[in-house]
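Before any comments, here is the structure.
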Amino acid sequence: MSDQMESSFENKWMPMTSVASGLEFDVLPGVFCYTNQIVNVVFLRSGDDWYLIDAGMPHSADTIKSAFEVHAGVEMAPKAILLTHGHFDHVGGIIELVEQWQVPVYAHALELPYLTGQKDYPEPDGSVEGGLIAKMSRLFPNDGINLTDHVQALGENGQIPGLPEWKWIHTPGHTPGHVSFYREEDRTLIAGDAFVTVRQDSLYKVFTQKQELSGPPRYYTTDWHAAWDSVKTLEALKPSTAITGHGLPMSGEELRKGLAELSRDFEKLAMPDHGKYLQ
């Protein structure tokens, strides 16, 4: 394995965007959501320290860093970068950010092979039903990246170094090591792609950011039974606010009802009728 960080897609620009690109949402005290093209990253403050969750699209490092500095300050680097998972739209800027900030990266142990140059993700399933993005997905990168020794496994029992008020929850299905982050005191959930609040397979809905609680992106999800169990796990928390990897933040009764319906009727609402990853 190379001792130099590597990514085969960090110099690729993916020509996808939305009306929310560049917008920032002050979701709750210490929780800020920034939309990078079609994907969300999160800035967390804990005391005087800051953390970044996920690292956006390829070629996004400078825009993410600039948005982060609006909140944390120009001289401030995050204490760490936390990853929900390692798909290209969640780690697109990470190598450049790590090089600039020299901070550790944390992910679930089952995600590490895709983040240390050992494995590539399964190819996207462009055969699933859906809109244009589902059909385009066969062109999306499925490569892993190599963060070498900059990445390490999250701690045991949901613990996150330096963030005692938050815990990580293993929510596999979309990827084997997918995690979500949860703050119990106000039931705030950062769900990654365990579920999303926009139909991610529809180009029109992605561009307009029409809010609609949906299952994980169909073309990249490889274990649908685990994905359903993960939605059930998150619904049982009764979150009051959710930031997902794609779509606008959602809260209150809309979130409660939508997540309950998705948990109950996942097979009908989220799972594709056909596809190579259906078992």
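The values are calculated or read from the model by the stated rules, or taken from the named source; none is laboratory data. No experiment lies behind these values; they were computed from the predicted model shown. Note: ideal-geometry Cβ built from the backbone for every residue, glycine included; neighbour counts use all protein chains shown. Heavy atoms of the whole protein, side chains included, go into the accessibility calculation; ligands, DNA and RNA do not. Shrake-Rupley method; radii C 1.70, N 1.55, O 1.52, S 1.80 Å.
What part of the accessible area of the chain, given as a whole %, is carbon or sulfur when the probe is 1.4 angstrom?
Values: 5620 of 11510 Å².
Of all accessible area on the chain, carbon and sulfur atoms account for 49 percent.
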Just order 250-258, 173-181 by mean Cβ neighbour count inside 10 Å, highest at the front, would you? 173-181, 250-258
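Projected area of the chain, taken from the Cα convex hull and averaged over every viewing direction, in nm²? Don't skip to the answer; put the middle values down first.
Details: hull surface 51.7 nm².
The directionally averaged projection comes out at 12.9 nm².
Which of rounded, prolate or oblate describes segment 138-279 when judged by the alpha-carbon gyration tensor and an a/c cut-off of 1.5? Can you show the working numbers first?
Values: a/c = 1.56, a/b = 1.11, b/c = 1.41.
Because a/c hits 1.5 or more and a/b fails to exceed b/c, segment 138-279 counts as oblate.
How many Å² of accessible area per residue for the chain, probe 1.4 Å? Please report the intermediate quantities before stating the final value.
Numbers: 11510 Å² over 279 residues.
Accessible surface, normalised per residue, equals 41 Å².
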Whole-number Å³ per residue for the convex hull built on Cα positions in segment 45-113: 83 Å³
Could you compute the FRET efficiency for ASP62 and LYS276, with r as their C-beta to C-beta distance and R0 at 30 Å, rounded to 0.05? 0.25
R0 of 22 Å, Cβ-Cβ distance ASN142-VAL103: FRET efficiency to nearest 0.05: 0.25
First measure r as the distance between the Cβ atoms of GLN211 and LEU237, then evaluate 1/(1 + (r/R0)^6) with R0 = 30 Å and state the FRET efficiency to the nearest 0.05. 0.90
For segment 68-179, shape from the Cα gyration tensor axes a ≥ b ≥ c, cut at a/c of 1.5 then a/b versus b/c, turns out prolate
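Give the relative contact order (percent, whole number) for the chain; include only Cα pairs under 8 Å separated by 6+ residues.
17 percent
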Along Cα→Cβ, 7 Å out, is where each label goes; now give me the distance between the ones at GLU6 and GLU185 in nm to one decimal. 4.4 nm
Relative contact order of segment 71-203, defined on C-alpha pairs under 8 angstrom at six or more residues apart (%): 25 percent
